[in-house]
């Protein structure tokens, strides 16, 4: 079923003429209940599905009304500020805490505290990557291997190499740098080659080279091996390069889900104009029916779609009026600004 | 079964690589060596007089352990009190370290059943405590031989050693609930604090004459009465262990693990 549709970044190639749907399309169709007859997708295709999931600690609501759907093979980024509810959601998905309301299904199995399914197919890293300090890197991985029966012995050495831990393999975990402790945490999550990876801030503590390395590793896992990745982060710019879809959680509520491709469309753009006579230019643009605003630094800002789409028309208009532009640029809202705007917008609503 | 064997390996590896062997070895040798030193002082009046108060206390102790049977009863009582603290330390570490080191989360969402993980922890706790008790007994026998205590007949030594062994088993049983305290308290403080409280309570209960029915007074009562114990007391010790293990299991299975 999955192969028939194909997924963006899944590494699967559709034959010519075959309509390829991306995961988010499928999910939107599921939500709208408008999949074509005979092509109705079942929950088997969803790696994660939650329905009105909530967790409250006395007066504190950690997660509320969370309904998520993550398709198999997808790389879903769960974005939020500190304390937004990301880790609580991850703990709920892993059955470490009981939901106050709602339910969650992971790889087609209802999540229950203490249950054994679907543990074998899930790898995870929650919060700080803690390991047994008195054991070496190799011994910590051996412990992880034995916690996942059926994992071959060779997996330990393979993942030591793969995560760049060979030089520290026989060092005690207590002596590892934060970056290498994070690598060890990731190696433990990957050791049994899970179908679903749940990672809480996987880039924490890594240097820029390490971040690039882990990004490449996660892309390889999703594209070549069809692994589903659900990762939390508080840095939009980081996940935008990696994820296929982004869910934004703020103050316990999922406020937005967006395809990474739609990020471009969703971010605000503006046309900035400078001339030698800003007052005159402002009058010319206003007279031409262009809504214009003068910024404190003196630049003119145009936000209407027509101006952004055709800055050359604006340039022509100003040149014809005798105030040719000296500076004309279309600026796109920074990702972090976009994220903060979304979060701020929600705050205004509530 | 394979999962349990794997988990026992994991727990043994963690214990062996930690500082636990060092602490427990020091603790298990300190008790018999300390008592032997006091008996040695009491056996040498010249040194005893020079030491004043210590000498007086040493004389008191030597009176209580003037021959092999009395010395081995004292060893059993020592395990009922000092050994109890050592075993509490072991079980607090085995369970509490997962919370202190933040490694608990790595045990919660794995295919190995939590029952196997917990059972392995109990097995290692029991085995480690038994080794500590054996070291205390062997060290005590060696010290007794070096001190030249009278009535060292093979039968007496065997009977005294059995008394120490059974007392140790009873202590191991009644420390099992401390796994629950380590889990619910998420560390070492609650179980070790409870150990102090329980020992004080055990002494009070023993003074009131109900020592045979208070789980944590049962080992001391058994040692004091030289093995004379009602079946109900054995049952109380076993039930305490079972209840402690079950409570720990329920807590691991049902409590929110949000840290």
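The values are calculated or read from the model by the stated rules, or taken from the named source; none is laboratory data. In this text the structure is predicted, and so the values were computed from the model without any measurement. Positions of Cβ are generated from backbone atoms using ideal geometry, with glycine treated the same way; all protein chains shown enter the neighbour counts.
Tell me which of these residue B:227 doesn't satisfy, since it passes every other one: (1) surrounded by fewer than 19 Cβ atoms within 10 Å (Cβ to Cβ); (2) outside any helix (DSSP H, G or I); (3) within 14 Å of another protein chain (Cβ to nearest Cβ).
Among (1) surrounded by fewer than 19 Cβ atoms within 10 Å (Cβ to Cβ); (2) outside any helix (DSSP H, G or I); (3) within 14 Å of another protein chain (Cβ to nearest Cβ), the lone unmet condition for residue B:227 is (3).
With the requirement that a residue be touching a residue at least 12 places away in the same chain (Cβ under 8 Å) and farther than 12 Å from residue A:101 by Cα, what does segment A:49-61 give you? Before the answer, list the steps.
First, the residues of segment A:49-61 that are touching a residue at least 12 places away in the same chain (Cβ under 8 Å): A:49-56, A:61.
Across segment A:49-61, the qualifying residue is only A:49.
Looking only at segment B:83-94, which residues are away from chain A (no Cβ under 14 Å) and surrounded by 21 or more Cβ atoms within 10 Å (Cβ to Cβ)? Steps first, answer last, please.
First, the residues of segment B:83-94 that are away from chain A (no Cβ under 14 Å): B:83-92.
Across segment B:83-94, the qualifying residues are B:83, B:84, B:86, B:87, B:88, B:89, B:90, B:91, B:92.
Among (1) within 12 Å of chain B (Cβ to nearest Cβ); (2) crowded, with 23+ Cβ neighbours inside 10 Å, where does residue A:84 come up short?
(1)
Answer with yes or no whether residue B:107 is within 14 Å of chain A (Cβ to nearest Cβ), modelled with pLDDT under 95, within 19 Å of residue B:181 (Cβ to Cβ) and in a helix (DSSP H, G or I). Spell out how you get there, then give the answer.
Numbers: within 14 Å of chain A (Cβ to nearest Cβ): yes; modelled with pLDDT under 95: yes; within 19 Å of residue B:181 (Cβ to Cβ): yes; in a helix (DSSP H, G or I): yes.
It is true that residue B:107 is within 14 Å of chain A (Cβ to nearest Cβ), modelled with pLDDT under 95, within 19 Å of residue B:181 (Cβ to Cβ) and in a helix (DSSP H, G or I).
Please work out which residue is nearest to residue A:230 (Cα to Cα), limiting yourself to segment A:94-107 and to residues that are crowded, with 18+ Cβ neighbours inside 10 Å and facing another protein chain (nearest Cβ under 9 Å). Break it down into steps so the answer makes sense when it comes.
We begin by selecting, within segment A:94-107, every residue crowded, with 18+ Cβ neighbours inside 10 Å; these are A:94-97, A:99, A:104-107.
Keeping just the survivors that are facing another protein chain (nearest Cβ under 9 Å) gives A:94-97.
Working: A:94: 12, A:95: 15, A:96: 16, A:97: 18 Å.
Filtering segment A:94-107 for residues that are crowded, with 18+ Cβ neighbours inside 10 Å and facing another protein chain (nearest Cβ under 9 Å), the one nearest to residue A:230 (Cα to Cα) comes out as A:94.
Can you report the number of residues in segment A:194-210 which are surrounded by fewer than 16 Cβ atoms within 10 Å (Cβ to Cβ) and part of a strand (DSSP E or B)?
Within segment A:194-210, the subset surrounded by fewer than 16 Cβ atoms within 10 Å (Cβ to Cβ) is A:207-209.
Subsequent filtering for residues that are part of a strand (DSSP E or B) retains none.
The qualifying residues number 0.
So that you can scan it fast, the table gives a plain yes or no per residue for (1) in contact with a strand residue (DSSP E or B) (Cβ under 9 Å, 6 or more places away or on another chain); (2) surrounded by 13 or more Cβ atoms within 10 Å (Cβ to Cβ):
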{"position": "A:254", "(1), (2)": "yes, yes"}
{"position": "A:257", "(1), (2)": "yes, yes"}
{"position": "A:292", "(1), (2)": "yes, yes"}
{"position": "A:312", "(1), (2)": "yes, no"}
{"position": "A:330", "(1), (2)": "yes, yes"}
{"position": "A:340", "(1), (2)": "no, yes"}
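Among the residues in segment B:112-122, are any more than 16 Å from residue B:245 (Cβ to Cβ) and within 14 Å of chain A (Cβ to nearest Cβ)?
Within segment B:112-122, the subset more than 16 Å from residue B:245 (Cβ to Cβ) is B:112.
If we keep only those that are within 14 Å of chain A (Cβ to nearest Cβ) as well, we get B:112.
There is at least one residue in segment B:112-122 that is more than 16 Å from residue B:245 (Cβ to Cβ) and within 14 Å of chain A (Cβ to nearest Cβ).
Evaluate the following for residue B:73: is it surrounded by fewer than 23 Cβ atoms within 10 Å (Cβ to Cβ), within 14 Å of another protein chain (Cβ to nearest Cβ) and either over 11 Å from the mean Cα position of the chain (by Cα) or at pLDDT below 95 (or both)? Walk me through it before giving the result.
Working: surrounded by fewer than 23 Cβ atoms within 10 Å (Cβ to Cβ): yes; within 14 Å of another protein chain (Cβ to nearest Cβ): no; either over 11 Å from the mean Cα position of the chain (by Cα) or at pLDDT below 95 (or both): yes.
Judged against the criteria, residue B:73 is not a match.
For segment A:226-249, state whether one or more residues are surrounded by fewer than 21 Cβ atoms within 10 Å (Cβ to Cβ) and either at pLDDT 90 or above or within 13 Å of another protein chain (Cβ to nearest Cβ) (or both). Reasoning before the result, please.
Start the filter on segment A:226-249 by keeping residues that are surrounded by fewer than 21 Cβ atoms within 10 Å (Cβ to Cβ), which leaves A:226, A:234-235, A:237-238, A:240-241.
Next cut, either at pLDDT 90 or above or within 13 Å of another protein chain (Cβ to nearest Cβ) (or both) only: A:226.
Yes: segment A:226-249 contains one or more residues that are surrounded by fewer than 21 Cβ atoms within 10 Å (Cβ to Cβ) and either at pLDDT 90 or above or within 13 Å of another protein chain (Cβ to nearest Cβ) (or both).
Would you check if there is a residue in segment B:123-130 being within 14 Å of chain A (Cβ to nearest Cβ), at pLDDT 95 or above and assigned to a helix (DSSP H, G or I)? Please lay out each step first, then the result.
Start the filter on segment B:123-130 by keeping residues that are within 14 Å of chain A (Cβ to nearest Cβ), which leaves B:124.
Right, trim to at pLDDT 95 or above and you get B:124.
Restricting the remaining residues to those that are assigned to a helix (DSSP H, G or I) gives B:124.
Within segment B:123-130 (the criterion being within 14 Å of chain A (Cβ to nearest Cβ), at pLDDT 95 or above and assigned to a helix (DSSP H, G or I)), the answer is yes, since at least one residue qualifies.
Are any of the residues in segment B:148-161 crowded, with 19+ Cβ neighbours inside 10 Å, in contact (Cβ under 8 Å) with a residue 24 or more places away in the chain and either outside any helix (DSSP H, G or I) or within 14 Å of chain A (Cβ to nearest Cβ) (or both)?
yes
Any idea which of (1) facing chain B (nearest Cβ under 10 Å); (2) in contact with a strand residue (DSSP E or B) (Cβ under 7 Å, 6 or more places away or on another chain) is the one residue A:110 doesn't satisfy?
(1)
Identify the single condition in (1) over 22 Å from residue B:122 (Cα atoms); (2) within 14 Å of chain A (Cβ to nearest Cβ) that residue B:248 does not satisfy, given that it satisfies every other one.
Single failed check for residue B:248: (1).
Residue B:114 is checked against (1) touching a helix residue (DSSP H, G or I) at 6+ places or on another chain (Cβ under 6 Å); (2) buried (at least 20 other Cβ atoms within 10 Å of the Cβ) and fails just one. What number does that condition carry?
(2)
Out of curiosity, is residue A:149 under 24 Å from residue B:5 (Cβ atoms) and at the interface with chain B (Cβ under 7 Å from one of its Cβ atoms)?
On the way: under 24 Å from residue B:5 (Cβ atoms): yes; at the interface with chain B (Cβ under 7 Å from one of its Cβ atoms): yes.
Answer is yes for this residue.
Take segment A:118-132 and flag every residue that is within 23 Å of the chain's Cα centre (by Cα), at pLDDT 90 or above and facing chain B (nearest Cβ under 7 Å).
A:122, A:124, A:126, listed by residue number.
Residues of segment A:293-314 being more than 35 Å from the chain's Cα centre (by Cα) and under 10 Å from residue A:271 (Cβ atoms), which ones?
A:314
Taking the criterion of being in contact with a helix residue (DSSP H, G or I) (Cβ under 8 Å, 6 or more places away or on another chain), part of a helix (DSSP H, G or I) and either more than 30 Å from residue B:161 (Cβ to Cβ) or within 14 Å of another protein chain (Cβ to nearest Cβ) (or both), would at least one residue in segment B:197-213 satisfy it? Don't jump to the end; show me each part of the working.
Just the residues of segment B:197-213 that are in contact with a helix residue (DSSP H, G or I) (Cβ under 8 Å, 6 or more places away or on another chain), to begin with: B:198-199, B:201-203, B:205-206, B:210-213.
Adding the requirement that they be part of a helix (DSSP H, G or I) leaves B:198-199, B:201-203, B:205-206.
Then keep just the ones that are either more than 30 Å from residue B:161 (Cβ to Cβ) or within 14 Å of another protein chain (Cβ to nearest Cβ) (or both); that gives none.
Scanning segment B:197-213 turns up no residue that is in contact with a helix residue (DSSP H, G or I) (Cβ under 8 Å, 6 or more places away or on another chain), part of a helix (DSSP H, G or I) and either more than 30 Å from residue B:161 (Cβ to Cβ) or within 14 Å of another protein chain (Cβ to nearest Cβ) (or both).
Of everything in segment A:35-65 that's assigned to a helix (DSSP H, G or I) and exposed (fewer than 14 other Cβ atoms within 10 Å of the Cβ), which residue is modelled with the highest pLDDT?
A:44
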